2 protein chains.
Amino acid sequence: MSEAPRKATITDVARAAGVSLSTVSRVMNGNATVDPALVERVRATAAELGYAANPLARSLVLGRTQTIAVVVPDLGNPTFQAILRGISHAAAVDGYHVLIADSGERVEEERVLAEETRRRTDGVILAAPRMDEAQLGPLLETLAPVVVVNRGRQDAAPVVAADYRHALRELAEHLHALGHRRIVFLAGVARSASNAARLAALEDARAAHDDLEIIEIPAGVDVDSGAEAAEAVLATGATGVLAFNDLVAMGLLTALTERGIRVPDDISITGFDDIPFARHTSPPLTTSAVPAVEVGAQAWRALHSLLTGDEATPFASLVPQLVLRASTAPAP
Amino acid sequence: MSEAPRKATITDVARAAGVSLSTVSRVMNGNATVDPALVERVRATAAELGYAANPLARSLVLGRTQTIAVVVPDLGNPTFQAILRGISHAAAVDGYHVLIADSGERVEEERVLAEETRRRTDGVILAAPRMDEAQLGPLLETLAPVVVVNRGRQDAAPVVAADYRHALRELAEHLHALGHRRIVFLAGVARSASNAARLAALEDARAAHDDLEIIEIPAGVDVDSGAEAAEAVLATGATGVLAFNDLVAMGLLTALTERGIRVPDDISITGFDDIPFARHTSPPLTTSAVPAVEVGAQAWRALHSLLTGDEATPFASLVPQLVLRASTAPAP
DNA sequence: CTGTTAGCGCTTTCAT
DNA sequence: ATGAAAGCGCTAACAG
């Protein structure tokens, strides 16, 4: 645990090589034309001294940090983990670093975190911000360049989103086609845009089928929420359940099975996200595969465009894929 | 997507308030004694201009960034996600930001990533580095302050680790006590320290019971690895399986069940980590609960100590907790 | 082709 | 108590 020796500065290298700072700078940046002999000499001494330019100093003078910030509502949420992963990998390829900030689902923290991290970075990606539109719009202006993930189209920033509405509608249609007429929807975080999109899907489904009854029950986003909703679900007498996501579906599935209810014979359950475990529940979960990693990668691409002065697609919608497995069957 | 207005600088505030830079700086840092009237005036104009000190400039002059780096082998690995979460939350409480770097399990990337991110931060946490001891030791010296997670004790840095050896030994003892005499171990990433710790646990168990046979089979760290190992496991005729982690156990469980093998009647399976789903498999998984979030939190605390000049505990070992569920039973 | 100089925005002696 | 000035380490005109 000894102290590391002070890092060599450009001045050290210049002195050691017997040249000026500018020359060292030019050599290190492959800039302009420098005498080959000098280039060689500077390179050598730089290597010898283990010199590398101080990124902070460079950032200050260049006005860019080669770093972006990602603000997520909850690092424990698999969806955000996947999005973060997509961003991180894609950004790394372009030589960018990623600063993370977790708002812990505290909506009042989002603005502060975004603004603060923005100041140390070249841009920010807001993953599924929970704040309302009235707050988001103005914030985006001050944050530019900024990209928003999983929200509706914005004036002030490109948006990359998974089409939850379409996907849940598809799941609802699937149940309806199987003969289910009374189904329940286990809702997630009330204020989240992805929950709103799902509610819209429910409306679509209701409008399309007047023999279809959909009952909304507040639940949550994790396994326990699903388990806790079991009694409420049974009380409705519904034959099908659209769970907010796979975790909720799994919790419900387990709780129902423990009560001796058979899935899908007595009741059908759908998940959402297609997390890796979804295929390993018993029965395996019918769900919708959300390309979260790809969403992250596209968010990076949009931000990168902004950073390089290119135009970014204002709204990119990625369509989740319906995955039919064994947790759904014809209504009893 | 308009451009954000240039941020106000300390010079702007000084001019607007009719004072010198130093005074503004003093006020903003609550430094020294400044005339209350001036403090008020500076505060007001700063607020009016929406001024906040440029973190980059501060970092350059102060020599600290209020940021740390975390290098993980794979952001997709739930264990590292949890560790990262623990670090992130704990660091946020102390007002630190977190830069993440994912080496993608490419061992040769680790050193570069660590060194590069270190230069933009005040310290780094190496989560389960895959490089060997010969590489790690010297690297730590150049990285200081640095904390290592899930490796053996180091000379040059504090280490925070979960005691995988003890935990797997406990699981093995559990199977032995149930009468299992031939069991298989589904190994993870060969070069990882956590795998090595598990192998040591196996040795401990073998040494303690000469009627115990443990067969090692290379698998992996994810669900598919477990599923793919099913045939190999059956071929051994073992009555118990120690899976590398819960994911592997789940994959195996599913694959075995599909083949009509009953768990735990025909064969017992143990997982590792106690991920949230472990209790929701059927049967629920006997496993060992690794306090990964807490490991992360402690790693931050160690680094924070280093950062503030305090002594850090050289080696902190967190003991996973045995969780008995229904995937293990007496040997047939 | 190379060196000198002026900042990037801020903190911190050092004077006054 | 306040301001002037130096400097963190680097890049980019600007001269020569």
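See the values below:
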{"quantity": "Residue match in region A:29-46 (condition: away from DNA strand C (no atom under 16 Å from the Cβ) and either part of a helix (DSSP H, G or I) or not polar (S, T, N, Q) (or both))", "calculated": "no"}
{"quantity": "Residue check, B:Leu303 in a helix (DSSP H, G or I) and in contact (Cβ under 8 Å) with a residue 12 or more places away in the chain", "calculated": "yes"}
{"quantity": "Residue in region A:80-100 that is among the basic types (Lys, Arg), free of Cβ contacts under 8 Å to residues at least 40 places away in the same chain and either touching a helix residue (DSSP H, G or I) at 6+ places or on another chain (Cβ under 8 Å) or under 28 Å from A:Gly220 (Cα atoms) (or both) present", "calculated": "no"}
{"quantity": "Any hit, region A:75-84, residues being under 25 Å from A:Ser305 (Cβ atoms) and within 14 Å of DNA strand D (Cβ to nearest atom)", "calculated": "no"}
{"quantity": "Spans of helices (runs of 4 or more DSSP H) in region A:53-121 with at least 1 residues within 16 Å of DNA strand C (Cβ to nearest atom) and touching an Asp or Glu at 6+ places or on another chain (Cβ under 9 Å)", "calculated": "A:55-62"}
{"quantity": "Residues of region A:274-299 satisfying the condition of being modelled with pLDDT of 95 or more and closer than 25 Å to A:Arg182 by Cβ", "calculated": "A:Leu285, A:Thr286, A:Thr287, A:Ser288"}
{"quantity": "Leading residue by the ranking (farthest from the other protein chains (Cβ to nearest Cβ)) among those in region A:52-80 that are among the small types (Gly, Ala, Ser) and surrounded by 21 or more Cβ atoms within 10 Å (Cβ to Cβ)", "calculated": "A:Ala69"}
{"quantity": "Residue in region B:12-26 that is surrounded by 17 or more Cβ atoms within 10 Å (Cβ to Cβ) and away from DNA strand C (no atom under 16 Å from the Cβ) present", "calculated": "no"}
{"quantity": "Residue list for region B:81-99, restricted to those being surrounded by 21 or more Cβ atoms within 10 Å (Cβ to Cβ) and either at the interface with chain A (Cβ under 10 Å from one of its Cβ atoms) or not aromatic (Phe, Trp, Tyr) (or both)", "calculated": "B:Gln81, B:Ala82, B:Ile83, B:Leu84, B:Gly86, B:Ile87, B:Ser88, B:Ala90, B:Ala91, B:His97, B:Val98, B:Leu99"}
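Conditions tested, residue by residue: (1) more than 9 Å from DNA strand D (Cβ to nearest atom); (2) under 28 Å from A:Ala144 (Cβ atoms); (3) without any contact (Cβ under 8 Å) to a residue 60 or more places away in the chain.
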position	(1), (2), (3)
B:Arg6	yes, yes, yes
B:Asp12	yes, yes, yes
B:Ser22	no, no, yes
B:Asn29	yes, no, yes
B:Thr33	no, no, yes
B:Ala37	no, no, yes
B:Arg58	no, yes, yes
B:Thr65	yes, yes, yes
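Yes/no matrix, rows are residues, columns are (1) modelled with pLDDT of 95 or more; (2) charged (D, E, K, R):
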| site | (1), (2) |
| --- | --- |
| A:Asp12 | no, yes |
| A:Ala17 | no, no |
| A:Ala57 | yes, no |
| A:Gly76 | no, no |
| A:Gly86 | yes, no |
| A:His97 | yes, no |
| A:Glu105 | no, yes |
| A:Glu110 | yes, yes |
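The values are calculated or read from the model by the stated rules, or taken from the named source; none is laboratory data. Bear in mind the structure is a predicted one, so any value in this text is a computation, not a measurement. Cβ atoms come from the backbone with ideal geometry, glycine included; neighbour counts cover every protein chain shown.
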